[in-house]
Amino acid sequence: MPRLFADHKLRRVTDLAGLWDFALVESWEAEPSRYAEKMVVPGCYDALPAHAGYRGPAAYRTWIETDECRHRLVFDGVSHRARVLLDGVELGTHQGAFTRFHDDLPPGKPGKHELVLFVDNSFDAQASPLHHPYFDWYTYGGIIRPVSLHRLPPVWIDQVVIRVLDWRAGRLKLIVSWGREPDGPPDAALRVQVDDTTVAFSMLRLEGTSGTTELEVMVPRPRSWVPELPHLHTVHVYLGEDDLIERVGLRSVRVEGTQLLLNDTPIFLRGVNRHEAHPQFGHSLPAELMLADIQQIKMLNGNFVRGSHYPQDVRFLDLCDEQGLLVWQEATAWQATVEHLTDPRFIAAQLQCIEEMVAQSVNHPSVIIWGILNESASEAPQTRPAYERLLGRLRELDPTRPVTYASHRQLADLHLDLVDIMSFNVYPGWYFGTLDTMRSWLDGLMRGIQERGWDKKPIIFSEFGGGAIFGWHDQFNGKWSEPYQARLLDIALRWMKEQPQVVGTAIWQFCDCRVSPERAMGRPRGFNNKGLVDEYRRPKMAFDVVKGIYGEMTRK
């Protein structure tokens, strides 16, 4: 199944995972004369030995069966961009690797159909503004996340957004978006079931081919969602012959002064940054590996993961919901320049990414923070309109979660008044200074924060750390050795836990990951080696050091 829980009971959904026909092609428009290979879907073609490191377009082909009804193809992620054809006719295109999109097949064409996807992982700032060759991670190509075929009745549900109005009482607001065939019925029965109880029923009058309706419902026997006991309630919405199942956690998250409150109780985030990456699977991690990652993070006594630097797979969010792991969900970006942030094409792509990210993630209780524009040009006055527009759009789409961005400009940043949480990426003891000067540098940063009047908001240290090659120890214990990394993180974490304004730490990073070839000269093995575990999830010395300090923080 595309999801790790059943999200429909009435609607017929076909998982299209499996072996598809595959061929490399010369251009985006050129269909191959023959498909000489097979490729696993979901998967990354440039993570496999035959095409390792390949940059360019490829074609995938499979066959689907439809009847007279409308059908919808749902793609959870295609990297970097996709062109979808049915029987040689283009249905649509999409840019952006890590967000869900769909294309509808016209009704009234039953039978067997050829489905072709052109996929391109080339770096093309015109066609795919979000992806660039200088990134400090390797962006793989392919149909990287699940694909499914949905059979839609004459009236169907497009989305149900669930907002928790009162987590104690279990009061919910549902925003139901629906679609309708032009000759579809003028009304449909709307029924909402929470767990095993029907909590709402009405006849909904339908005008036009799409619309939304809002209603409030109460959860019978409400139980709160917290990391220690992450209870999930099931919300099942029926509309005519269609349905959609979502899960909800009764919880609230907000900022009050310099505190981050979960269910009105201050919380400290003990976390890591995580790339969805593996040498064998690329971005297409199997569910078993996602769960193993979560288990290792929890073994660290962690309760938090920052999804860097793109929206995480909804299946990973499903697991975080169940396991009680808190998530910072972030739109795709890395060190966007002034030129990017003043380019209407780049801003439009960011807005699309934000809208799709929120649509696929909004009902996940594990997601407690929205983020944008990692390490971008926030020191430049001319980029302020971009930050205002993107953060404003996030708040419009979801007013229930704090917003932030990870800044590496520190005291030169000009836009921190726009966020709910200030987030800093800092690397003392690694890119500058020594282990002996780390605490004094961090003390100076906090003094500067206070002098600028920035002491009224909570702070997350969203990146910090140092690299270590797995298994390397030497008599000097210098940089790139496991003991050096362990000592650096020991100093940083012990300092951070003493700061009352700091509400969270996200170590860079959970696991080592491959980087773009353009950055390989500064990265031994062509990897970012700052992981607490290596790319195969083997723990380094720092793993146990962090586990011990995070364990102390749980008793703080």
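Bear in mind that the values in this text are calculations on the coordinates, not laboratory data. Since the structure is predicted, the reported quantities are computational estimates derived from the model, not experimental observations. So basically every Cβ, Gly included, is an ideal-geometry build from the backbone, and we count neighbours across all protein chains shown.
Worth pointing out:
- Farthest positive-ward along the range 295-387 dipole, Cα basis, beta-carbon charges - from Met357, Ser378, Ile297: Ile297
- Label-point gap, in nm, between Phe432 and Arg525 - each point 7 angstrom along Cα→Cβ: 2.9
- Within the shell defined by Cβ-Cβ distances under 9 Å, the residues around Thr234 carry a net charge of -2, with Lys and Arg each +1 and Asp and Glu each -1.
- Percentage relative contact order, the chain, counting C-alpha pairs under 8 Å, at least six apart: 12
- Pair-distance distribution P(r) for the chain, from all Cα-Cα distances in 20 Å bins starting at 0: 21, 54, 23, 1 percent.
- Sites Arg168 and Ala348 - FRET efficiency at Förster radius 56 Å, r taken between beta-carbons, to 0.05: 0.85
- Report note on the peptides 100-111, 25-36, 312-323: ranked by the mean count of other C-beta atoms within 10 Å, highest first, their order is 312-323, 100-111, 25-36.
- Arg55/Glu355 FRET efficiency (R0 22 Å; Cβ-Cβ; nearest 0.05): 0.20
- Pair-distance profile P(r), taking every C-alpha pair of the range 351-418, with 5 angstrom steps and integer %: 3, 17, 29, 23, 15, 10, 3, 0
- DSSP bridge pairs, the chain: antiparallel proportion in percent, nearest 5: 75
- Selection of chymotrypsin sites (Phe, Trp or Tyr not before Pro), the range 489-556, meeting DSSP coil and at most 16 other Cβ within 10 Å: Tyr536
- Within the same chain, lysines fewer than 8 places from Lys112 are excluded, and of the rest, those with a Cα less than 23 Å from its Cα are Lys38.
- Computed magnitude of the charge dipole of the range 242-289 (debye, nearest 20; Cβ of K, R +1, Cβ of D, E -1): 340
- Among Phe281, Pro32, Gly88 the positive-end extreme of the charge dipole of the chain (Cβ point charges): Phe281
- Taking 32 Å as the limit for the C-alpha separation, the pairs Lys9/Lys547; Lys298/Lys457; Lys457/Lys540 exceed it in the case of Lys9/Lys547; Lys457/Lys540.
- Square roots of five times the Cα gyration tensor eigenvalues for the range 221-378, Å: 26, 20, 19
- Counting only Cα atoms, the range 66-136 measures 47, 20, 15 Å along its principal axes, largest extent leading.
- In a reduced charge model with +1 at each Lys and Arg Cβ and -1 at each Asp and Glu Cβ, the chain shows a dipole moment near 1440 debye about its Cα centre.
- Burial order of peptide ranges 353-359, 338-344, 416-422 (average beta-carbon count within 10 Å, highest first): 353-359, 416-422, 338-344
- Kirkwood-type hydrodynamic radius, the range 306-453: 16.3 Å, calculated from all non-identical alpha-carbon pairs.
- Counting only DSSP H runs of at least 4 residues, each contributing -39500 (n - 2.57), and dividing by the residue count of the chain, the helix-based mean residue ellipticity at 222 nm comes to -6000 deg cm²/dmol.
- Listed peptides 187-196, 85-94 appear in the order 187-196, 85-94 once ranked by packing, highest mean of other Cβ atoms within 10 Å at the front.
- Placing unit charges on the Cβ atoms of the charged side chains and taking the dipole of the range 374-481 about its Cα centre, the candidate lying farthest along the positive direction among Phe470, Trp430, Leu397 is Leu397.
- Net charge of Cβ neighbours under 14 Å - reference Leu291; Lys, Arg +1; Asp, Glu -1: -3
- Sites Trp480 and Asp124 - FRET efficiency at Förster radius 45 Å, r taken between beta-carbons, to 0.05: 0.80
- Extension gain, Arg191 back to Lys547 (0.36 nm per residue minus Cα-Cα distance, nm): 123.5 nm
- Relative contact order [Cα under 8 Å, 6+ residues apart], the range 235-288, whole percent: 16
- Averaging 1/r over every pair of different alpha carbons in the range 413-556 and inverting the result gives a Kirkwood radius of 16.1 Å.
- For the range 409-476, the relative contact order works out to 44 percent when only alpha carbon pairs closer than 8 Å and six or more residues apart are counted.
- Spherically averaged projected area in nm², based on the convex hull that wraps the Cα atoms of the range 163-235: 5.4
- Positive minus negative residues near Gly433 (Lys, Arg vs Asp, Glu; Cβ under 15 Å): +1
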